[in-house]
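The values are calculated or read from the model by the stated rules, or taken from the named source; none is laboratory data. Please read these numbers as outputs of a predicted model, since none were measured by experiment. Note that we place each Cβ from the backbone using ideal geometry, even for glycine, and neighbour counts take in every protein chain shown.
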Amino acid sequence: MSLRTALCDLLGIEYPIVQSGMGSAAGPELAAEVSRAGGLGIVAGLGVTSDELRKRIRHVRSVTDRPFGVNQWLHTELRPPADPARVPPTTMGAVQQELNVFRERLGIPAVDGPAPGMPDLIDAEFEVILEERVPVWSIGLGNPVPAMVRRCHERGIKVMAMVATVEDARAVEKNGVDIIVAQGGEAGGHRSTWIKQPREAANVATLTLVPQVVDSVRVPVVAAGGIADGRGLVAALALGAVGALLGTRFVATRESMASEVWKKRLLESDGAHTTLTEAYTGLWARSLPNRYTEDYAASGAPVLPALMQQRAAQDIFTTAARQGDAEHSMLYAGQSTGLVHDVPGAAEVVERIAREARAVLERLATSR
Ligand SMILES: Cc1cc2nc3c(=O)[nH]c(=O)nc-3n(C[C@H](O)[C@H](O)[C@H](O)COP(=O)(O)O)c2cc1C
């Protein structure tokens, strides 16, 4: 039974399976394997210099001539990045005071100045995407202006934007994107909005968000959030989506750049206890809970603007990863972590999901 959908025709891929361009997990090895296996692999662009991004793009091309994408965040707080010097000293002091609790636990020096400033990488990265004529520009946490979309279209680049509300789906469609990813609240990683919302906002589950988005826009919709196997892919198609985008499932693959402790925690977790935290980056994201997320929330300390929080805490995350300390590492994961029980190669994940989805479709066609 064929799994071909409009997404396959639009992008020239074999299966309607998209791997998220996950910051800190999706390097060129992962994206290349997914694309080689017939899905759409996406390379993370978050926090990467334009030279590094070009290297990643060329690495994918050295492995496969199949279509792939590059992901960027376009959050309003990153364009331009917020300036640490403009954060009130009392706020910065309260953040550092809480971070120093973790630093002491890990045996690293206390810090009491402002967080390091952030380079403005987005425009230079975007030029590389255009120059390299990457087949798909994937956007998280942002709405590309029509001029950016037009420049992509002039070079034959398809534009795919991820949203978490119907209103945002209409907004990105208006600006000309070719594909909309509807991200349900189960999803791992950051809530895809371009303005920071309260914790419970933009948190509609995939099962209800996807059909509403499908009914509200004319462009093809890809479902994201809580999908980790062939059953999930078929469910997405039943909701009117033309494919599924998966993050958490691909974190636990051999080619993912996620640390070993992160992958191990994913396998141990049953998905019942993910949490929403703003303590990693300043924006809401779904993660496995650990001492860092729990103690930060309990402290009542404020958080810094988008990604400045991560720059402030980076010494903690880097040390924790080096020490193999899951309690102070970033452990992004969605509720589908309860469906993830192994760490196979990424190509095997694509093939397995396609095989399972076909079996589900056959079973549905023959059962009453
Ligand atoms: C570890 C991790 C990192 C992520 N990083 C990004 C990112 O950099 N850009 C982006 O557009 N989405 C990112 N996402 C969100 C995914 O695109 C997607 O919405 C989500 O993974 C889908 O839900 P699932 O995790 O249940 O598969 C990330 C997700 C995870 C789990």
**Study point:** Residue in segment 96-111 that is out of contact with any Cys (no Cβ under 6 Å at 6 or more places or on another chain), within 15 Å of the ligand (Cβ to nearest atom) and of a type in the set (Asp, Glu) present
**Key:** no
Review point. Is at least one residue of segment 70-89 crowded, with 19+ Cβ neighbours inside 10 Å and farther than 18 Å from Asp120 by Cβ?
Key: no
Point to revise | Qualifying residue in segment 241-251 (condition: away from the ligand (no atom under 11 Å from the Cβ) and crowded, with 23+ Cβ neighbours inside 10 Å) | key: yes
Study note, to complete from the structure: Only one of (1) free of Cβ contacts under 8 Å to residues at least 40 places away in the same chain; (2) touching a Pro at 6+ places or on another chain (Cβ under 6 Å) does not apply to Ser367, and that is (2)
Exercise for review: Determine whether segment 13-28 contains at least one residue that is within 16 Å of the ligand (Cβ to nearest atom), in contact with a helix residue (DSSP H, G or I) (Cβ under 7 Å, 6 or more places away or on another chain) and assigned to a helix (DSSP H, G or I).
Suggested key: yes
Check your understanding: Of the residues Ala347, Ala321, which is modelled with pLDDT under 95, surrounded by 19 or more Cβ atoms within 10 Å (Cβ to Cβ) and under 22 Å from Val43 (Cβ atoms)?
Key -> Ala321
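Conditions tested, residue by residue: (1) in a helix (DSSP H, G or I); (2) touching a His at 6+ places or on another chain (Cβ under 6 Å); (3) more than 23 Å from Gly140 (Cβ to Cβ).
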| site | (1), (2), (3) |
| --- | --- |
| Leu276 | no, no, no |
| Ala279 | no, no, no |
| Leu283 | no, yes, no |
| Gln309 | yes, no, no |
| Ala313 | yes, no, no |
| Thr319 | yes, no, yes |
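This table checks each residue for (1) among the polar types (S, T, N, Q); (2) within 20 Å of His190 (Cα to Cα).
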site	(1), (2)
Arg4	no, no
Leu10	no, no
Ala32	no, no
Gly47	no, yes
Ile57	no, no
Val70	no, yes
Leu78	no, yes
Gln96	yes, no
Exercise for review: Select, from Ile139, Ile129, the only residue that is of a type in the set (A, V, I, L, M), in contact with a Phe, Trp or Tyr (Cβ under 8 Å, 6 or more places away or on another chain), assigned to a helix (DSSP H, G or I) and in contact (Cβ under 8 Å) with a residue 40 or more places away in the chain.
Suggested key: Ile129
Practice item. Could you tell me which residue of segment 211-240 is farthest from Leu283 (Cα to Cα), considering only residues that are more than 13 Å from the ligand (Cβ to nearest atom) and among the β-branched types (Val, Ile, Thr)? Key: Val234
Check your understanding: Residues in segment 40-52: is at least one in contact (Cβ under 8 Å) with a residue 40 or more places away in the chain, in contact with a Pro (Cβ under 8 Å, 6 or more places away or on another chain), outside any helix (DSSP H, G or I) and within 26 Å of Ala223 (Cα to Cα)?
Key -> yes
Revision key, fill the gap. Checked segment 252-264 for anything acidic (Asp, Glu) and either closer than 12 Å to Ala26 by Cα or near the ligand (Cβ under 8 Å from one of its atoms) (or both); matches are Glu255
Study note, to complete from the structure: Of those in segment 191-210 that are outside any loop (DSSP other than H, G, I, E, B) and not hydrophobic (A, V, I, L, M, F, W, C), the residue nearest to the ligand (Cβ to nearest atom) is Thr206
Study note, to complete from the structure: Contact list, first residue from segment 55-71 and within 16 Å of the ligand (Cβ to nearest atom) and modelled with pLDDT of 95 or more, second anywhere and assigned to a helix (DSSP H, G or I) and among the basic types (Lys, Arg), beta-carbon distance below 9 Å, six or more apart or interchain, is Phe68/Arg61; Val70/Arg56
Practice item. Name every residue in segment 29-39 that is free of Cβ contacts under 8 Å to residues at least 60 places away in the same chain and either within 15 Å of the ligand (Cβ to nearest atom) or surrounded by fewer than 24 Cβ atoms within 10 Å (Cβ to Cβ) (or both), in order of residue number. Key: Ala31
Check your understanding: Out of segment 164-190, which residues are within 30 Å of Glu131 (Cβ to Cβ), hydrophobic (A, V, I, L, M, F, W, C) and near the ligand (Cβ under 10 Å from one of its atoms)?
Key -> Val181
Check your understanding: Can you find even one residue in segment 79-88 that is within 16 Å of the ligand (Cβ to nearest atom) and not charged (D, E, K, R)?
Key -> yes
